[in-house]
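This report refers to the structure that appears directly beneath it.
FYI, it's all coordinate maths here, none of it is from the lab. Owing to the predicted nature of the structure, the values given are computational and were not obtained by experimental measurement. Cβ sites come from the backbone with ideal geometry, for glycine too, and all protein chains shown count toward neighbours.
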Amino acid sequence: MSDHDILIIGSGAAGLTAAITLAERFKVLVLAKGAISGGSTAWAQGGIAAVLEPGDTFESHIADTMDAGAGLNREETVEFVVENAPAAIQRLIDLGADFTLAEDGDLHLTREGGHSHRRIVHADDATGWAVQEALEGAAKANPNITLMPDMVAIDLITDRHAESPSASDHGSDHVWGAYAFNKASGHVERFTARATILATGGAGRTYLFSTAPRGATGDGIAMAWRAGCRVSNMEFMQFHPTCLYNLEVKNFLITEAVRGEGGHLKLPGDAPNPGHRFMPEFDSREELAPRDIVARAIDSEIKRFGLDYVHLDISHREPEFVRDHFPNIYDKLIGLGIDMTTEPIPVVPAQHYTCGGVRIDLNGCTDMSGLYAAGEVSESGLHGANRLASNSLLECFVFGEAAANHIRDHWDDLPEPPPIQPWDESRVTDSDEEVVVQHNWREIRRFMWDYVGIVRTTKRLERAQHRVELLRQEVDEYYGNFRVTPDLIELRNLIEVAALIVRSALVRKESRGLHYTTDYPERAGEALDTVLAP
Ligand code: FAD
Ligand code: SIN
């Protein structure tokens, strides 16, 4: 049991922002399923979008976000996030985030696809690390925050887990914390709290190729869904156009800022016209069109000419400029025998971001009282059908704080948790078929890549749905019979999330933003969210 007021599941940008805000008044427990810095936040490269350049305006950032989002964004959310961006950047600076400065001492702003101005605050090409370091440093120094790594949350605690469920006056829609598997002890523990914030990140690992780290298995989305929350817009999985193509290194991102600083996409040697710059044929914004457009263009060229990859070339810029702007990418590529100052980089699209998620309002509130969500796990209305570059970290800071503020302002309305049942440890049999879990992990990621990727058809989606249901039956049976392990917990969640993605994609009878199907290639007149209710 817990003696903390608030439970936060996730220690990335969203979770730590909420923790630091709440710790001014409350005792906060933060769980991470691996290392505290193991989420996507630490891997972010390009930066954080904010209106800071003279001549730039909130209206322009709002318009760019809505344009990238193909009209599906909720305008009040976009306004809320964009208008809070400069303050969020200032808070990070106050916490010690070491952002890159221009020669005049102001923040250096870079540019990325879909942005009509320079508005990306960054720390060279490793912004996420600078942010994670600043937030983690502040959290570790705060006596009101307890950070617990290696705790894999399994399910949210709801009224049905109370020792006397019917005795609770709070109805069946309250969340009181979570059960989590302690990797060190091998046992499942109860963590109760008056409020719980899901900050578990995205579900990139549903796909075979993804820039996201190993833990991005959609646990928070699956847990919230099982508890009774609505989940929305799950068909909009974002594919980043430029992931390094390399037979050994599978998920290394080449930041969009490379294109922002002048990089060109070209056909490689195997194409009939090597060196041809193809983006101008696809969009007037060329390499700086929104991601869905650039990723689809690359996919189309790869399929048209039977290529393994295309080239991203910035070798026409001064070598010193390239090394200064992209020191980490330069070093990584040199280690792999590629000198980006003199030769092009082989790249392919890879899954990158989960636009859909647990549906929240402007306060981070979900459908269940006592349960909040912030960051990539959520669907706040900011991204619509396609996220604009560098708006994601921003969403984490703004909603991490919004959820914390709402909890603080409504603390007296949040009841104490009732006595909660311990986790049922009677399933004490250890599995002797770990191979089933490993096999199913691989299978799901493979068919999601093949059938639910950048270009979809109804037939392929139906195939995927059939496969998901077969796997679900197998894993449900397995889950019911054996002791839980971190891999099994994640597999169960991957299947849940894959089912939600496929179901949402089948519901959408149009092409919009990141969801492109050859059966319905046109955009429908009205922009409607796909909202699934349990
Ligand atoms: P994360 O940072 O992913 O953290 C998730 C946390 O939840 C982790 O602590 C994890 O351990 C924990 N967790 C998950 N499941 C469980 C569980 N079952 N039990 C306990 N804990 C759990 N966005 C930008 O805006 N700008 C960029 O430049 C940018 N670059 C990117 C580059 C890469 C390579 C990637 C992958 C993403 C990038 N993004 C970028 C996206 C952005 O980094 C993420 O959307 C954002 O960091 C998500 O933060 P988060 O706090 O929601 O989750
Ligand atoms: C990148 O650096 O290209 C990633 C930026 C983002 O995902 O917003």
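Set the Förster radius R0 to 25 Å, insert the Cβ-Cβ distance between Ile93 and Arg118 as r into 1/(1 + (r/R0)^6), and round the FRET efficiency to 0.05.
0.85
Averaging sequence separations of C-alpha pairs under 8 Å and six or more residues apart, then dividing by the length of the chain, give the relative contact order as a whole percent.
Once divided by the residue count of the chain, the mean separation gives 21 percent.
Roughly how tilted is helix 458-481, in degrees to the nearest 10 and between 0 and 90, from the longest Cα axis of the chain?
The angle comes out at about 30 degrees.
Using the reciprocal of the averaged 1/r over all distinct C-alpha pairs, how large is the Kirkwood radius of region 276-315 in Å?
For region 276-315, the Kirkwood estimate is 10.5 Å.
Dipole of region 67-130, Cα-centred, from +1 at each Lys and Arg C-beta and -1 at each Asp and Glu C-beta, to the nearest 20 debye?
The dipole magnitude comes to about 140 debye.
Have a look at the DSSP beta bridges in the chain and tell me what percent are antiparallel, nearest 5.
65
Normalising by the residue count of region 270-389, find the relative contact order in percent from Cα pairs under 8 Å and 6+ residues apart.
Reported relative contact order: 21 percent.
At R0 = 60 Å, how high is the FRET efficiency between Val455 and Ser164 if r is their beta carbon distance? Nearest 0.05 is fine.
Computed FRET efficiency for Val455 and Ser164: 0.70.
Give the separation of the Cα centroids, region 326-384 to region 190-245, in Å.
Using only Cα atoms, the two centres lie 11 Å from each other.
Given Cβ point charges of +1 (Lys, Arg) and -1 (Asp, Glu) and nothing else, what value in debye, to the nearest 20, does the dipole of region 265-355 about its Cα centre take?
My answer is approximately 240 debye.
Compute, for region 364-415, the length of the dipole vector about the Cα centre, with Cβ point charges of +1 (Lys, Arg) and -1 (Asp, Glu) only. Units Debye, rounded to 20.
Once rounded to the nearest 20, the dipole reads 200 debye.
Could you order peptides 104-112, 389-397 by the average number of other Cβ atoms within 10 Å of their residues, highest first?
Those peptides, ordered most packed to least, come out 389-397, 104-112.
Give me the count of lysine pairs in the chain whose alpha carbons sit under 15 angstrom apart, restricted to pairs 8 or more positions apart or on different chains.
Taking the Cα cut-off of 15 Å, the pair count is 5.
By per-residue mean of other Cβ atoms within 10 Å, what is the highest-first order of 56-69, 302-315?
Ranked by mean Cβ neighbours within 10 Å, highest first: 56-69, 302-315.
What order do you get for 115-128, 14-27, 240-253 when each peptide is scored by the mean count of other beta carbon atoms within 10 Å, highest first?
Peptide ranking by packing, descending: 14-27, 115-128, 240-253.
Would you mind calculating the gained length between Leu101 and Asp432 on full extension (0.36 nm times residue separation, minus the Cα-Cα distance), in nm to one decimal?
Full-extension gain reported as 113.6 nm.
As I understand it, the value is the acute angle between the Cα axis of helix 291-305 and the longest principal axis of the Cα atoms of the chain; what does it come to in degrees, rounded to 10?
Between helix and principal axis, roughly 60 degrees.
What residues of region 77-95 lie in the reach of a label at Arg523, counting those whose backbone N is under 17 Å from a point 7 Å from the Cα along Cα→Cβ?
none
Under 9 Å from the Cβ of Gly357, count the other residues' Cβ atoms, weight Lys and Arg +1, Asp and Glu -1, and hand me the total.
Summing Lys/Arg as +1 and Asp/Glu as -1 gives -1.
What angle do you read, to the nearest 10 degrees and between 0 and 90, between the alpha-carbon axis of helix 486-507 and the longest principal axis of the chain?
Once rounded, one gets 60 degrees.
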